[in-house]
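Contents: one structure, followed by commentary.
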Amino acid sequence: MPITKKTLVNILVLASLISWGVPAVQSQDKVDPAKHVAQPTAAASEKAGAQDTDEVSEEDKAEEAAAEDAKSVRMMAQNQSLEHYDLARYYWSRWNLKMAEIEYQASIMFFPEMKVAHRDYCILSMFCGHPLRAVAELMMVVGLGEPIPFTTEETIALKQRAAKMHNQQGIAYGRKNRWDRAISEFKWALTYSPDNANIERSLAFSYANKGDFEMAERSYTRSFNEDPSDGYAHADFAFLLADNGGGDKAIKQLSEAVKLEPRDPALHVDMGWMAESKGDLSTARTEFQQAVKLSPKHAGLWAHLGRVLERLGKDKEATSAYSEAVALDPGQDDAKQRLDQIKNRQSEVPQLPTSVENSRKQS
């Protein structure tokens, strides 16, 4: 006779009420090895001699050490499971069922014997419309099945999925300027994927927007140790440093960004602006010249290049840059004014008399 949905729900509710008082981790019946090992006779003991006593002692020590290691590993797994179980309950209390589900799965992954995780996941599965999963979890709760540890492939897949979901949740909070929650989500994502440079940079960006520049710098540094190839991350870090008095460090980071992304005119512009603000007009000229090569139809870049060249005393080159800006965009009024000023300045230069000029040419 098939089980109806109503019957299944009643079973789940009853099982939940019965199991609600079940402790998170049920104690296992421990077998006393002494009861199942044949005891040596007195004669055999005397025959073994004192030298065997030392060997047995070393073996006992090794067994005790192995048992302690196993106990430590078990306790660590249990603590991790409890952390994720609490996080699952937090998400469920806010009706974020997808995040709650992934965290219940993580709790069970770390410690399959966590019966309260099976119980809550059973009920959650019914809310999410997964009756088969609910039945499977119910069997774990009432003892009709043995918890099966995750395989290596299942563990890797779950961690990847959980890291992605926490990262997306963090980005969603960031878009709402809820930086504390974004930081929390990115931290949880890193527990699943600790070497993920992209998540680490998202965490750094969140710290920076929150105003915690020290933590932001630490996160950026960790991300570069994991993956130094992202030029845009170096650029973000450069402006963070510049805004907080780290001028020399900022220049270094932005230079690295330009090296990594040499075809991006925006990074050359950023480098040009930063160099100009430091009074390094030579570097500024080089960077703006590279920017206009990469983006030759941008009138504003030509106009700014002309300004830098003019400050360097390169009036002829500045005139060419200003003229290019006006040709691309007749509305470049500032470039027009600078062109007029250069012409006026050149017309005011005193000219040598013709006789003197001719005498110089002859000599």
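In the range 124-137, the qualifying residues are those that are out of contact with any Lys or Arg (no Cβ under 6 Å at 6 or more places or on another chain) and within 14 Å of Glu103 (Cβ to Cβ), and the one that is surrounded by the fewest Cβ atoms within 10 Å (Cβ to Cβ) is Cys128.
In this entry, Ser206 is excluded by the filter for residues that are assigned to a helix (DSSP H, G or I), under 8 Å from the mean Cα position of the chain (by Cα) and touching a residue at least 24 places away in the same chain (Cβ under 8 Å). Scanning the range 215-269 for residues that are in a loop (DSSP other than H, G, I, E, B) and over 19 Å from Ala291 (Cβ atoms) gives Asp227, Pro228, Ser229, Asp230, Asn244, Gly245, Gly246. When the residues of the range 273-289 are filtered to those that are free of Cβ contacts under 8 Å to residues at least 24 places away in the same chain and within 32 Å of the chain's Cα centre (by Cα), the one that is nearest to Ala325 (Cα to Cα) is Trp273.
Within the range 308-323, residues that are closer than 18 Å to Gln290 by Cα sit with their Cβ atoms under 6 Å from residues that are of a type in the set (D, E, K, R), at 6+ positions apart or across chains, in these pairs: Val308/Arg285; Leu309/Glu317; Ala318/Glu310; Tyr322/Arg338.
Scan Glu261, Glu185, Glu217, Glu256 and give me the residue that is at pLDDT below 95, of a type outside the set (Lys, Arg), surrounded by 15 or more Cβ atoms within 10 Å (Cβ to Cβ) and farther than 23 Å from Thr283 by Cα.
Result of the check over Glu261, Glu185, Glu217, Glu256: Glu217.
Residue by residue, here is whether (1) among the polar types (S, T, N, Q); (2) crowded, with 23+ Cβ neighbours inside 10 Å; (3) out of contact with any helix residue (DSSP H, G or I) (no Cβ under 8 Å at 6 or more places or on another chain) holds:
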{"residue": "Tyr121", "(1), (2), (3)": "no, yes, no"}
{"residue": "Met139", "(1), (2), (3)": "no, no, yes"}
{"residue": "Gly143", "(1), (2), (3)": "no, no, yes"}
{"residue": "Gly174", "(1), (2), (3)": "no, no, no"}
{"residue": "Arg178", "(1), (2), (3)": "no, no, yes"}
{"residue": "Ala189", "(1), (2), (3)": "no, yes, no"}
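When the range 290-325 is filtered for residues that are more than 22 Å from Gln341 (Cβ to Cβ) and either hydroxyl-bearing (Ser, Thr, Tyr) or over 34 Å from the mean Cα position of the chain (by Cα) (or both), the ones remaining, listed by number, are Lys293, Ser295, Pro296, Lys297, His298.
Residue-wise test of (1) at pLDDT 95 or above; (2) within 22 Å of Glu261 (Cα to Cα); (3) touching a strand residue (DSSP E or B) at 6+ places or on another chain (Cβ under 6 Å).
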position	(1), (2), (3)
Met274	no, yes, no
Arg285	yes, yes, no
Gln289	yes, yes, no
Lys293	yes, yes, no
Gly313	no, no, no
Gly331	no, no, no
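Somewhere in the range 315-327, is a residue out of contact with any helix residue (DSSP H, G or I) (no Cβ under 6 Å at 6 or more places or on another chain), farther than 30 Å from Tyr207 by Cβ, not charged (D, E, K, R) and not in a helix (DSSP H, G or I)? No, that holds for no residue.
On the given criteria, is Ser81 assigned to a helix (DSSP H, G or I), under 32 Å from the mean Cα position of the chain (by Cα), hydroxyl-bearing (Ser, Thr, Tyr) and at pLDDT 90 or above?
Judged against the criteria, Ser81 is a match.
The values are calculated or read from the model by the stated rules, or taken from the named source; none is laboratory data. The shown structure was predicted, so the numbers you read here are calculated from the model rather than taken from an experiment. Note: ideal-geometry Cβ built from the backbone for every residue, glycine included; neighbour counts use all protein chains shown.
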